[in-house]
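Following: one structure in structure tokens, then a few remarks.
Derivation of every value follows stated rules applied to the coordinates shown; laboratory data play no part. Being a predicted model, the structure only gives us computed values, none of them experimental. Don't worry about glycine lacking a Cβ; one is built from the backbone with ideal geometry, like all the others, and counts go over all protein chains shown.
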């Protein structure tokens, strides 16, 4: 049990320890800088969480709702255009991807990527998809020090250039956002208001811009697609789900984050799809090493077992 707590335990149990998280994100474009998803030092991770918590609070989400609504309205208009134009098939996964990346562009760079306007992927987003496909291979290499050492010696220049260009895309847009300023409730306005001793360095902002673009965009799409499919194609309980939405909302303007929160069937479908279509399944392959001072014995052969009722 001690080993399990040491590897997977909460911050309270690991107050004086740290863990190593072997992920693709551990390859750092800026030496010495880790993102919130791979920061090994608890002090850094705690500082990051305290800084970014206000940017993802309920209050922040409410202030950002007009931004979300503008992009959702554009998504609906694109769907209407497809229907009116007689388009037989609509790629909902692509439209969701374009929408979520544009929204995160607004929140992270202060400016939309403009993909939904043209319904085409930008070169940078295509490179993001390519990097996601390479994550399992990168994890395998990083897990074995010998493989990592060999790869560092023979890594093709084309891959190095791709990594650098990917990083520069985020860094350049963070620089432009900071230079022009903004009165929008984006991530940086809420983070920059922190006290001087807790503020992010410019290099840390570069690193987290890249993290948030992926974490807030591509991770949302599988659930959106699964939810759309289950609502449209699975007939079980279709009538009560439809009645729930149509009886509550008489016009589009009434549909808000607050008004949809109490919807029983909608939230049940969403929670079910989070289980059946987990976000970024590759994360389940991430290996966590126990802290050095974790006792190497275990009274319990595994995690606590929960018996079904």
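If you take just the helices (runs of 4 or more DSSP H) that sit entirely in the stretch 103-166, which of them hold at least 2 residues that are more than 19 Å from residue 218 (Cα to Cα) and more than 19 Å from the chain's Cα centre (by Cα)?
It comes to 123-143, 145-154.
List the residue pairs whose Cβ atoms are under 7 Å apart, where the first residue sits in the stretch 148-176 and is without any contact (Cβ under 8 Å) to a residue 40 or more places away in the chain, the second is surrounded by 12 or more Cβ atoms within 10 Å (Cβ to Cβ), and the two are 6 or more positions apart or on different chains.
148/141; 148/142; 151/141; 162/127; 171/206
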